[in-house]
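Chemist: Here's a structure for you.
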Amino acid sequence: MSDSRRYGEQEIAEILRRATEAEEVASPPAAGTGLTLAQIQEVGGEVGIAAARIERAARSLDLPEASPPARFLGAPRSVTRMVPFDRPLSDDEWMRLVVILRETFGARGTVEEIGPLRTWYNGNLHVHVEPWEGGHRVRMSTFKGNVTELTTMGAMFLLMGVFTALIIYLKKGMDPGLVMSAMFGALGLGVIGRSRLALPLWADTRAAQMEGIAERIPRLLDEQDANSTRGATGNPG
């Protein structure tokens, strides 16, 4: 990441917030001054924030806007989250991340490794660790797959109700059989409506789970960096 860029007040506050995972941070410098990444790291170092954590937070600030989520009747049916960092995960860090994923999502999942690419997935839920723009990232994504099946089934019931009601009405006019047709139509609308109403809660749950994982990844890296530093200096801590 280039050190020539200067960050504004709001960007500095956001970088420090992400680095400390705190709700409030110290006020940034006066308007118009701006700070480089090295200067922000110097400020953070004065209050005990690791330089590597600040760099990861600054890198996350430069992430491109995520693609809009897939939607069904206005509700999100996909969720994504990316976490950038500046070095590859070690084997130990990767396995610890897999443990976090299993605990968070309540699923054992499947692990795959192809060269530098590492993946954990369970159904439509995928977590990738991969090289990205001079560093690496964790990319989490999921998609609510059963919406299509449920919507198709609901549409079939709805069409069946409308079709049979039309036939009965044309042949017999007002007839008790129309009640059965109405029940089919109501069942179809119920299936579609229930699928739609369940999506916001599902999306919020998955987004919160991914955010919790995103917050744990910097701590995972910091622990490894701290252990490496102690080992290099011969200090057992």
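The values are calculated or read from the model by the stated rules, or taken from the named source; none is laboratory data. All of these numbers come straight from a predicted model, not from anything done at the bench. As a convention, Cβ positions derive from the backbone with ideal geometry for all residues, glycine included, and neighbour counts pool all protein chains shown.
Chemist: Of the conditions (1) of a type outside the set (Asp, Glu); (2) at positive phi; (3) surrounded by fewer than 16 Cβ atoms within 10 Å (Cβ to Cβ), Gly109 clears all except one; give me its number.
Modeler: With (1) of a type outside the set (Asp, Glu); (2) at positive phi; (3) surrounded by fewer than 16 Cβ atoms within 10 Å (Cβ to Cβ) applied to Gly109, the lone miss is (3).
Chemist: Out of all the residues in the range 59-110, which are touching a Pro at 6+ places or on another chain (Cβ under 8 Å), polar (S, T, N, Q) and modelled with pLDDT of 90 or more?
Modeler: Residues satisfying the conditions are Ser78, Thr80.
Chemist: Right, something else. Where residues in the range 138-151 are of a type in the set (A, V, I, L, M) and touching a Phe, Trp or Tyr at 6+ places or on another chain (Cβ under 9 Å), which of them is surrounded by the fewest Cβ atoms within 10 Å (Cβ to Cβ)?
Modeler: Going through the qualifying residues, I end up with Val147.
Chemist: Further, regarding this structure: Please pick out the residue among Thr148, Thr119, Thr152 that is without any contact (Cβ under 8 Å) to a residue 40 or more places away in the chain and either of a type in the set (Asp, Glu) or part of a strand (DSSP E or B) (or both).
Modeler: Just a single option satisfies the conditions, and that option is Thr119.
Chemist: Which one is modelled with the lowest pLDDT among residues in the range 122-137 that are surrounded by 15 or more Cβ atoms within 10 Å (Cβ to Cβ) and under 14 Å from the mean Cα position of the chain (by Cα)?
Modeler: Per the criteria, the residue is Arg137.
Chemist: In the list Leu178, Leu199, which residue meets the criterion of being modelled with pLDDT under 80, out of contact with any Gly (no Cβ under 7 Å at 6 or more places or on another chain), part of a helix (DSSP H, G or I) and surrounded by 13 or more Cβ atoms within 10 Å (Cβ to Cβ)?
Modeler: Being modelled with pLDDT under 80, out of contact with any Gly (no Cβ under 7 Å at 6 or more places or on another chain), part of a helix (DSSP H, G or I) and surrounded by 13 or more Cβ atoms within 10 Å (Cβ to Cβ) holds for just one of Leu178, Leu199, which is Leu178.
Chemist: Name every residue in the range 81-119 that is among the β-branched types (Val, Ile, Thr), under 20 Å from the mean Cα position of the chain (by Cα) and farther than 25 Å from Pro69 by Cβ, in order of residue number.
Modeler: The answer is Val98, Val99, Val111.
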